[in-house]
Amino acid sequence: MLSNQHFYHQLTRKYVVLFGNMFNNIAIIRRNRDTGDEVERFRVPLVYAPKEKYFARLRSDPDLERPVQAILPRMSFELVGFTYDPSRKQNSLLRTAKANTASGVNSQYMGVPYDLSFDLQIYARNVDDGTHIVEQILPYFAPDYTISASLIPDIGFLKDIPLILNSVSN
């Protein structure tokens with residue numbers, strides 16, 4: 001069934017990096033209650049890790065009084081699934097092509113349409129920090145946000161990748 005031809009374009013890794021980069025520059029600003037002046041500004045750390053890792057940390061020290069290992073607020077994300085999407089399926093014999101020289105052409109067959117599902121978790125000590133982060137994310141999704149990326153440099157085509165926000169929950 002599987003051929004001897006080996007290929008690996010690191011597409012899954014590239015999708016994970018694209019997703020993570022979207023949330024890499026979220027910051028929280030703390031203000032003085034009386035004057036409204038900015039007191040503190042810091043970036044919210046983002047890591048690729050399952051939420052169970054953070055729940056285990058919080059359960060082992062619920063008051064977070066042990067030496068600092070996890071600073072809150074912070075975010076984590078993980079790839080949780082692949083789902084085949086038959087509505088985007090195209091003829092498997094179609095090829096995308098790009099000339100690499102005056103007489104040569106690089107090409108590849110059409111890809112198989114899979115949707116990748118990610119979970120993004122926000123950990124915050126108080127509700128205000130959590131909503132501060134969520135309010136920086138939600139305006140970009142209506143309900144999707146599109147990123148252009150060159151996933152296979154040999155072909156060199158830019159591909160528009162829609163990121164769809166399915167749900168938000170506490």
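Close Cβ contacts (under 9 Å, 6 or more residues apart or on different chains) running from residues in the stretch 126-155 that are open to solvent by 60 Å² or more (accessible area, probe 1.4 Å) to residues that are in a helix (DSSP H, G or I) comprise Tyr140/Met22; Tyr145/Met22.
All of Ser117, Ser92, Ser76 fail the test of being open to solvent by less than 90 Å² (accessible area, probe 1.4 Å), among the small types (Gly, Ala, Ser) and assigned to a loop (DSSP other than H, G, I, E, B), apart from Ser92. What number of residues within the stretch 26-77 satisfy the criterion of being at pLDDT 90 or above, under 30 Å from Tyr114 (Cα atoms) and out of contact with any strand residue (DSSP E or B) (no Cβ under 6 Å at 6 or more places or on another chain)? Of the residues in the stretch 26-77, 1 are at pLDDT 90 or above, under 30 Å from Tyr114 (Cα atoms) and out of contact with any strand residue (DSSP E or B) (no Cβ under 6 Å at 6 or more places or on another chain).
Would you point out the residue of the stretch 125-148, among those that are among the small types (Gly, Ala, Ser) and at pLDDT 90 or above, that is nearest to Ile26 (Cα to Cα)? So the residue we want is Gly130. Taking the criterion of being among the aromatic types (Phe, Trp, Tyr), within 15 Å of the chain's Cα centre (by Cα) and part of a loop (DSSP other than H, G, I, E, B), the only residue of the stretch 127-170 that qualifies is Phe141.
Could you tell me whether Gln108 is open to solvent by less than 90 Å² (accessible area, probe 1.4 Å), at pLDDT below 85 and in a strand (DSSP E or B)?
Working: open to solvent by less than 90 Å² (accessible area, probe 1.4 Å): yes; at pLDDT below 85: yes; in a strand (DSSP E or B): yes.
Here the answer is yes, as Gln108 does meet what is asked.
The values are calculated or read from the model by the stated rules, or taken from the named source; none is laboratory data. All values reported here derive from a predicted model rather than from experimental measurement. As a convention, Cβ positions derive from the backbone with ideal geometry for all residues, glycine included, and neighbour counts pool all protein chains shown. These area figures cover heavy atoms from the full protein model, side chains too; ligands, DNA and RNA do not enter into them. Shrake-Rupley method; radii C 1.70, N 1.55, O 1.52, S 1.80 Å.
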